[in-house]
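Visitor: One structure follows; several queries about it will come next.
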Ligand SMILES: CC(=O)SCCNC(=O)CCNC(=O)[C@H](O)C(C)(C)COP(=O)(O)OP(=O)(O)OC[C@H]1O[C@@H](n2cnc3c(N)ncnc32)[C@H](O)[C@@H]1OP(=O)(O)O
Ligand SMILES: N[C@@H](CCO)C(=O)O
């Protein structure tokens, strides 16, 4: 039996033996997991705080159908190059990486040259993928930079498909009449340096023609902001009306305000921190080890092997996802319910609790749209985050900030607890302190779109001298 989280026993049919019919179903698995894999009814506590489509007419999410799947397995990734119909997965190889030749969708690209890295070395020929909304005005003073979190990308709003593996992650933020109206603002969002959705990252081709893989250098949040600065310079922009981001995106937003004080008028930091804490680094360690210990990781050089460390990446996502949510939410939604058609107390090949099925789902979903090496690079960049490093400490670094800041926490965030926002707010020269009330913990900054929208709208409405 494959134990939960085991790193051995990747479903062998995932990539297929030579000549195998890759479109054939994995034994015991269903083709259309959304409808058939989690056949129970779960009820969300807070009707009205969910995204459209997550809350049923009676306030519950209906999961119907019966399709047990052995405990501990990630949802199987579809065969390479075969996205599920309608899943929006559009990369040609089907490995979660956007590559040249894939549909570009809304992406544009900036070749920003060589980046001299904070911890040494030079990353040559860096390219950053980005999207924009609205029009740059003549004064070039209506620019808002939106910074994505760990597994987000430049697709802040919009549909999946046409080059974009996922729908927008802040879908109600930008649009006519929305908190960031493209009739007024010119919005830029870039895929982070080290990512896998068009910007230079470990899956990109190095100068020797092979993927960077294990050779991709250590990059810090400061390096990432340096690359973004070049993108904006390319666009003829030297000043941001606002920079806004949550979690890892909040780290970059803050780094902008610290490293380029003259360029940032407003800085909105959600569910984030001025430095990665011991607790955050500790959670990250287990995630990094989960990936690195997957036999298919091959030291990071797996791109040509035909196998990917999906089990490790899925395990990392499971660990992370628990930290993104709350004990109360999981209890409320899943309790001790078995997944329908499964018996978690059965000896031997036991079935799953519903919460296990839920985590399996998130593990499989990420493995289909993200690259494990990028996950490592970005996680390590988050661990590097400390605005006070080599700047005389936290207070001295934050004292440089001239932006009007808004520091936002989620009341139930156990990963980036509100006290970190209190600390940041107290050390910033000009800061408003806002609170998101949510049952969903850290992910509240993504889920509570109405509250985020109100906060962003108000922050943008505050006049700047
Ligand atoms: C909207 C997007 O998906 S954005 C995609 C890009 N993602 C990013 O940029 C990163 C940010 N996004 C995230 O981290 C997450 O996707 C979040 C925070 C948006 C998810 O938040 P929520 O909307 O609360 O989703 P939630 O955690 O309830 O998970 C819902 C999923 O679990 C599934 N699920 C629920 N119960 C079960 C169960 N018992 N077994 C299996 N799956 C289950 C739901 O059907 C749903 O599937 P789907 O997302 O594939 O449609
Ligand atoms: N759910 C978010 C959390 C990271 O802050 C993500 O995957 O990016």
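The values are calculated or read from the model by the stated rules, or taken from the named source; none is laboratory data. These numbers were taken from a predicted model, which means no experiment stands behind them. Note that we place each Cβ from the backbone using ideal geometry, even for glycine, and neighbour counts take in every protein chain shown.
Visitor: Residues 238, 208: which one is free of Cβ contacts under 8 Å to residues at least 24 places away in the same chain and either over 26 Å from residue 259 (Cα atoms) or not assigned by TED's automatic domain parsing to the domain that holds residue 299 (or both)?
Guide: On the way: 238 fails: free of Cβ contacts under 8 Å to residues at least 24 places away in the same chain.
Going through 238, 208 in turn, the sole match is 208.
Visitor: Please determine whether any residue of the stretch 232-246 is touching a strand residue (DSSP E or B) at 6+ places or on another chain (Cβ under 6 Å), surrounded by 21 or more Cβ atoms within 10 Å (Cβ to Cβ) and assigned to a helix (DSSP H, G or I).
Guide: no
Visitor: Please state which of the following conditions residue 395 fails to meet, knowing it meets all the rest: (1) part of a helix (DSSP H, G or I); (2) not assigned by TED's automatic domain parsing to the domain that holds residue 161.
Guide: So residue 395 meets the others, but not (2).
Visitor: Can I ask one more? Please state which one of 214, 286 is assigned by TED's automatic domain parsing to the domain that holds residue 426, in contact with a helix residue (DSSP H, G or I) (Cβ under 7 Å, 6 or more places away or on another chain), surrounded by fewer than 21 Cβ atoms within 10 Å (Cβ to Cβ) and not in a loop (DSSP other than H, G, I, E, B). Before you say what the answer is, go through the steps one by one.
Guide: Details: 286 fails: assigned by TED's automatic domain parsing to the domain that holds residue 426.
Every option except 214 fails the conditions.
Visitor: Only one residue in 332, 339 is surrounded by fewer than 19 Cβ atoms within 10 Å (Cβ to Cβ), within 12 Å of ligand 1 (Cβ to nearest atom) and modelled with pLDDT of 95 or more. Which one?
Guide: Numbers: 339 fails: surrounded by fewer than 19 Cβ atoms within 10 Å (Cβ to Cβ).
Only one candidate passes the filter, namely 332.
Visitor: Tell me whether the stretch 349-359 contains one or more residues that are within 15 Å of ligand 2 (Cβ to nearest atom) and closer than 30 Å to residue 94 by Cβ. Even if it seems obvious, please write down each step before you answer.
Guide: Of the stretch 349-359, the ones within 15 Å of ligand 2 (Cβ to nearest atom) are 358-359.
Now narrow it down to the ones that are closer than 30 Å to residue 94 by Cβ: 358-359.
Yes, there is a match, as at least one residue in the stretch 349-359 is within 15 Å of ligand 2 (Cβ to nearest atom) and closer than 30 Å to residue 94 by Cβ.
Visitor: So, of the residues in the stretch 138-173 that are within 14 Å of ligand 1 (Cβ to nearest atom) and outside any loop (DSSP other than H, G, I, E, B), which turns out to be modelled with the lowest pLDDT?
Guide: The qualifying residue modelled with the lowest pLDDT is 161.
Visitor: Tell me which residues, restricted to the stretch 274-283, are in contact (Cβ under 8 Å) with a residue 60 or more places away in the chain and in a helix (DSSP H, G or I). Walk me through it before giving the result.
Guide: The initial filter retains those residues of the stretch 274-283 that are in contact (Cβ under 8 Å) with a residue 60 or more places away in the chain, namely 274-277, 279-281, 283.
Once the filter is applied, which keeps residues that are in contact (Cβ under 8 Å) with a residue 60 or more places away in the chain and in a helix (DSSP H, G or I), the stretch 274-283 yields 279, 280, 281, 283.
Visitor: Assuming residue 77 fulfils every condition listed in (1) modelled with pLDDT under 95; (2) out of contact with any helix residue (DSSP H, G or I) (no Cβ under 7 Å at 6 or more places or on another chain) apart from one, which condition is it?
Guide: (2)
Visitor: Could you tell me whether residue 201 is surrounded by fewer than 23 Cβ atoms within 10 Å (Cβ to Cβ), over 12 Å from the mean Cα position of the chain (by Cα), within 16 Å of ligand 1 (Cβ to nearest atom) and assigned by TED's automatic domain parsing to the domain that holds residue 224? Please lay out each step first, then the result.
Guide: Working: surrounded by fewer than 23 Cβ atoms within 10 Å (Cβ to Cβ): no; over 12 Å from the mean Cα position of the chain (by Cα): yes; within 16 Å of ligand 1 (Cβ to nearest atom): yes; assigned by TED's automatic domain parsing to the domain that holds residue 224: yes.
No; evaluated as a whole, the condition is false for this residue.
Visitor: Restricting attention to the stretch 166-186, does a residue exist that is more than 19 Å from residue 249 (Cα to Cα), touching a strand residue (DSSP E or B) at 6+ places or on another chain (Cβ under 7 Å) and surrounded by 21 or more Cβ atoms within 10 Å (Cβ to Cβ)? Walk me through how you get there before you give the answer.
Guide: Going through the stretch 166-186, the residues more than 19 Å from residue 249 (Cα to Cα) turn out to be 175-178, 181-185.
Narrowing further to those that are touching a strand residue (DSSP E or B) at 6+ places or on another chain (Cβ under 7 Å): 182, 185.
Checking the rest, the ones that are also surrounded by 21 or more Cβ atoms within 10 Å (Cβ to Cβ) come to 185.
Yes: one or more hits.
Visitor: For the stretch 293-310, how many residues meet the condition of being assigned to a helix (DSSP H, G or I) and either surrounded by 16 or more Cβ atoms within 10 Å (Cβ to Cβ) or in contact with a strand residue (DSSP E or B) (Cβ under 9 Å, 6 or more places away or on another chain) (or both)? Give the derivation first.
Guide: As a first pass, look at the stretch 293-310 and keep what is assigned to a helix (DSSP H, G or I): 295-300, 310.
Imposing the further condition that a residue be either surrounded by 16 or more Cβ atoms within 10 Å (Cβ to Cβ) or in contact with a strand residue (DSSP E or B) (Cβ under 9 Å, 6 or more places away or on another chain) (or both) reduces the set to 296-298, 300, 310.
Going through the stretch 293-310 one residue at a time, the tally reaches 5.
Visitor: Can you confirm whether residue 125 is surrounded by fewer than 19 Cβ atoms within 10 Å (Cβ to Cβ), at pLDDT 95 or above, more than 17 Å from the chain's Cα centre (by Cα) and not in a loop (DSSP other than H, G, I, E, B)?
Guide: Details: surrounded by fewer than 19 Cβ atoms within 10 Å (Cβ to Cβ): yes; at pLDDT 95 or above: yes; more than 17 Å from the chain's Cα centre (by Cα): yes; not in a loop (DSSP other than H, G, I, E, B): yes.
Yes.
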